[in-house]
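Read-outs: derived from the displayed coordinates by stated rules, not from any lab. Note that the structure is a prediction, hence the values are computed from the model and not measured. Cβ placement follows ideal geometry from the backbone for every residue including glycine, while neighbour counts extend to all protein chains displayed.
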Amino acid sequence: VTVAKRDIFLCFALTAATALVPLVTGTRYIITQMTLFFIWTMVVTQWNLVLGVAGIFSLAQMALFAAGAYATAMLGYYFAVPMILAMPAAALAAVFVSVVIGLACLRLRGPYVALLTLAIAQVIYLIVVNDTECFTNPPSGCMPLFGGVRGFSRFGDLGFRSLLGSKWYIAHFYVGLAMLMLATLFSIAIIRGPLGLAFQALRDNPGYAMSRGISKFKYQLWVFGLSAFFTGLAGALYAVQFGVVGPIVFSLATLLFLLSMIVVGGMGTVWGPLLGAAVLMLADEGMREIGDWRDIGLGLILVLFVVLLPKGLAGLRLTQVSAKRGE
Amino acid sequence: VDVLVQIVASGLTLGAMYAVSTVGLALVYGSLNMLNMSHGALLALGGYVCFYVMTALGLPAIAGVAAAMIICGLAGLAIYHIAARPMLPSRNFETQIFIATIGIGTVLENFILRVFGPQPVAQPLNLKGALVIGGVHIPNQNILIMAVAVAMMVAIAFLLNRTRTGRAIRATAQNRDAAQLMGIRIGRVYAKVLALSGALAALSGIMISSLSGLLPNMGGDPMLKAFVICVVAGLGNVFGAVSAAFVLGLLEAIIQYLLGVQYSFAILLLIVIAVLIWRPYGLFGKQQVVRL
């Protein structure tokens, strides 16, 4: 069995096992938290492709997520587009934004990329928040083009609320699970496929890789564009799940939370981000008791992992295996 | 003419504040290749320490400033020993230290939030009165800020160019391995640079808070601006950073006058993005020949 086949099998097995959860427990809180887990995991598996696999230190992923969420909300709010069409359209919008950002950072390296992408995300946030001119003027009050500080609400949903009544959240659970499965399969295909090999070659021996015709620019742009699709889709799902999209999706706290997931799980691995997302969602749940100290706990986890375990939990397992093989 | 004087005065004040916080960042990046994302939290810490010493302990301003600089200097030292030193040998040092300092910054900022609460408070170190040039009032506070910034710049220039420590810092920045072979203890250089950058952060935090008030998350915006200035100048270039700080300060003042305050930062960042696409290594940065 090849590694890729093993990963694909594991992906289907995990999906099937998770699909049984709503049959076991009907607790609404658990189901909706798991849907949120699917959304964040989608973002981190795709971010991991840029950050860990391609080694581009981009912090624009939350901006792409926001682009997906905002595009969904705006298509629904202004044009009454059904959500089932708005969501893929929003994902394509995120791809477009990502390619533009990718073009802007192509010639930069390392920390410059991090700062530039952070600055771009901040510009988008400031433009959204500071725009106070009314674009339309519905009875509920002035509405700026990008929703301003309040953001958008009442832009439609997937229709499960009228179909299933109070049980609509279970339908969203399965939609999220299906999307996450596709996103995970996609990241497996990237990591184990030609694109992943290209990046591995560029990392291991850039001179040889480039003389064999592997263009760094081309592959960087590809990974920027491709990884944005499911990130934007995750943003779209976030929009229909919560029914509200506001500037809070840009928050640095969320960025930190997601970055911690990748670092804790293990950058550049297939299952690391998923593992990290699960661990941090559980840790976050545990720290709910201590409320105000939650962010401090999160920061400490991040520092401890980077300093003591830079390869994350996935790295821990790998080093043990390779140590055994070395014996 | 009055408008022009006003714009120049506020632009120079902004530039002076940016320059002081930027110099610390540029020094750290220049010698360690480390982007210190906890710099913003250090700014806030410095402002709050000064506030605490002056109001709760009732000591004079000079004690507040000194205490803030010492405590932030020690915090910088702690960052070196906790995060930077264990990671230095690692291949992905630049990425890892970036992430680690984000974590440290969050811890520090939330710690300040727990201790001092989320309400904004005024910085007690504040001069009253103003200098009048023609029809323009320039607050004495702004003049103090500019004076302190210029004094700081002169001190840093002296330190870097005329002392043994300065030469060691410059040597380490130029070539870490060669410096080590020449007998420079680069560990000590790093520790000194981080402590110095912490002390500078405290000073700039006090300046910023004397104009805008204290908040636990007050450091975020100035830090991003300081980074932007570093990037425009070319990361690690200290003197380029100072000139870029003043240019961007003036530019911001002009944009604020012409278009309004709310767009100034966004337009500033757009200019920076354009500059980076045009000159990826910064305005004053040397073009690094990377063939691959």
Would any residue of region B:144-162 have its amide N under 12 Å from a label point 7 Å out along Cα→Cβ of B:F239? List them or say none. B:157-158, B:160-162
What residue among B:M223, B:M87, B:M17 shows peak mean-square fluctuation when chain B is described by a Gaussian network model with Cα springs under 10 Å? B:M87
Based on alpha-carbon positions alone, could you give the equivalent ellipsoid semi-axes of region B:112-204 from the gyration tensor, as √(5λ), descending, whole Å? 38, 21, 8
Alpha carbon centre of region A:261-291 versus region B:134-170: separation in Å? 45 Å
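Only helical DSSP H runs with n ≥ 4 go in: add -39500 (n - 2.57) per run for chain A, normalise by residue count and round the 222 nm mean residue ellipticity to 500 deg cm²/dmol.
Dividing the helical sum by the residues of chain A leaves -24000 deg cm²/dmol.
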For region A:81-142 and region A:187-257, distance of Cα centres in Å: 16 Å
Magnitude of the Cβ-charge dipole of chain A, K/R +1 and D/E -1, about the Cα centre, nearest 20 debye? 860 debye
Which whole-number percentage describes the relative contact order of chain A, with Cα contacts under 8 Å and a sequence gap of 6 or more? 29 percent
Positive-end extreme of charge dipole, the protein assembly as shown - chosen from B:A16, A:L126, B:A244 (charges on Cβ): B:A244
If you fit an axis through the alpha-carbon atoms of helix A:216-242 and take the longest principal axis of the Cα set of chain A, what angle between them do you get, 0 to 90°, nearest 10? 40 degrees
Nearest-0.05 FRET efficiency for B:I70 and A:A19 at R0 = 56 Å, using Cβ-Cβ distance, is 0.45
Please identify the DSSP H helices in chain B that span no less than 30 Å along the helix axis (Cα) and have a mean Kyte-Doolittle hydropathy of 0.0 or more. B:2-32, B:93-116, B:140-162, B:186-212, B:238-259
Nearest-20 debye value, the protein assembly as shown charge dipole, Cβ charges on Lys, Arg, Asp, Glu: 1780 debye
In debye, nearest 20: dipole of region B:164-247 around its Cα centre with unit charges on the Cβ of K, R (+) and D, E (-)? 440 debye
Can you give the mean number of other chain Cβ atoms that lie within 10 Å of the Cβ atoms in peptide B:86-96? 4
Cα long-axis angle, helix A:294-308 against chain A (0 to 90 degrees, to the nearest 10): 20 degrees
Chain B: calculated mean residue ellipticity at 222 nm from DSSP helix runs of at least 4, using -39500 (n - 2.57): -24500 deg cm²/dmol
Given an 8 Å cut-off on Cα distances and at least 6 residues of separation, report the relative contact order of region A:125-280 as a percent. 24 percent
Quantify how strongly other chains surround peptide A:99-110 by giving the mean number of their Cβ atoms within 10 Å of each of its Cβ atoms. 3
Comparing A:V245, A:V303, A:V24 in a Gaussian network model of chain A (Cα, 10 Å), the one with the largest mean-square fluctuation is A:V24
Calculate the mean, over all residues of peptide A:117-124, of how many other protein chain Cβ atoms lie within 10 angstrom of the residue's Cβ. 5
So what is the relative contact order for region A:227-319, in percent, with contacts set as C-alpha pairs under 8 Å and at least six apart? 29 percent
How compact and how long is the protein assembly as shown, expressed as Rg and Dmax of its alpha-carbon atoms in Å? 25.3, 83
Considering chain A as a Gaussian network with a 10 Å cut-off on Cα pairs, which listed residue, A:F242, A:F65, A:F155, attains the greatest mean-square fluctuation? A:F242
Using the alpha-carbon atoms, what tilt in degrees (0 to 90, nearest 10) does helix A:28-48 show relative to the longest principal axis of chain A? 50 degrees
Here are some pairs, A:K216/B:K192; A:K216/A:K311; B:K192/B:K225; A:K5/A:K167; which of them have Cα atoms lying more than 32 Å apart in this structure? A:K216/B:K192; A:K5/A:K167
Per the C-alpha gyration tensor (a ≥ b ≥ c, the square roots of its eigenvalues), region A:194-321 is rounded if a/c is under 1.5, else prolate if a/b beats b/c, else oblate; here it's oblate
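When you count, for each residue, the other Cβ atoms within 10 Å and take the mean per peptide, how do A:190-201, A:93-104 rank with the highest first?
A:93-104, A:190-201
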What residue among B:N161, B:N140, B:L214 has its Cα farthest toward the positive end of the dipole of the protein assembly as shown, where the charges are +1 on Lys, Arg and -1 on Asp, Glu, each on the Cβ? B:N161
